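Read the structure below first, then the notes.
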């Protein structure tokens, strides 16, 4: 029996909560939030913005700052993670019926975690082995990320059932192995609930479906557009945050078959739909401002264009 992560690599977008955890650790060791966030394009207020997404590169920047200032503290950082840290992902894991189902749920939605060293699990004889390989991670933060992610997995696995599963973690070079008895897989979780699991899984599916709709550079740019939408998401600003010129960004996106305007329209269209889907009515001027338009008429003109063509076809 094997559990393979749904994600192929670690470059997926992630919730800002992962960055907030890193910043809190830095603050507890004398680093200010602004120092921790230097070079990310994020500010302290962004950490409290529920639902905000960040790129893997932005989280990596914070990791590099912590390592530079505090050393190889990955294990200590990983020890601060709990299932609840991961929002709907963690709730789905804790709502599973058994340890086995929790592991399957985690593998299915692994790109809703903050992992860089993706876990792969296998039952070998009477033991369960959860292996994380860091060989493809950046050299300078490889040890930090492997130790953080491996310890975070250990913490979550141990809290699934009362008294834990007796997991033992070993780290050898670029690989970690978490090991525990296969007899633990059938243990029921105290928070198990079919209704809660389905509700959490539905939220997880909605998020991963949206995130997986775009991959590669387009996915990263989409996250950066959302972060800058109130200011209109100027292309030069997004290009600069990637260390490129506007011309380079345009060329690189063209290689993926998408334009910058398409991505901005996708973001605005999906956000407009989300903001107008509830019962509460957002004033038109406020809605336009949130989407980065100078006026309500400008937003209405754009909405008419989406309706006629669909955002993805407006080049």
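The values are calculated or read from the model by the stated rules, or taken from the named source; none is laboratory data. This one's a predicted model, so the numbers in the text were calculated from it and none came from an experiment. Note that we place each Cβ from the backbone using ideal geometry, even for glycine, and neighbour counts take in every protein chain shown.
Tell me the residue from 34, 64 that is free of Cβ contacts under 8 Å to residues at least 24 places away in the same chain, assigned by TED's automatic domain parsing to the domain that holds residue 148 and either surrounded by 21 or more Cβ atoms within 10 Å (Cβ to Cβ) or part of a helix (DSSP H, G or I) (or both), please.
Of the residues listed, the single one that is free of Cβ contacts under 8 Å to residues at least 24 places away in the same chain, assigned by TED's automatic domain parsing to the domain that holds residue 148 and either surrounded by 21 or more Cβ atoms within 10 Å (Cβ to Cβ) or part of a helix (DSSP H, G or I) (or both) is 34.
Does segment 17-30 contain at least one residue that is assigned to a loop (DSSP other than H, G, I, E, B), in contact (Cβ under 8 Å) with a residue 12 or more places away in the chain and surrounded by fewer than 18 Cβ atoms within 10 Å (Cβ to Cβ)?
Scanning segment 17-30, I find at least one residue that is assigned to a loop (DSSP other than H, G, I, E, B), in contact (Cβ under 8 Å) with a residue 12 or more places away in the chain and surrounded by fewer than 18 Cβ atoms within 10 Å (Cβ to Cβ), so the answer is yes.
How many residues are in contact (Cβ under 8 Å) with a residue 40 or more places away in the chain, assigned to a helix (DSSP H, G or I) and more than 23 Å from the chain's Cα centre (by Cα) if we restrict to segment 209-254?
1
Assess whether residue 51 counts as being on the phi > 0 side of the Ramachandran plot, at pLDDT below 95 and in contact with a strand residue (DSSP E or B) (Cβ under 9 Å, 6 or more places away or on another chain).
So residue 51 passes the test.
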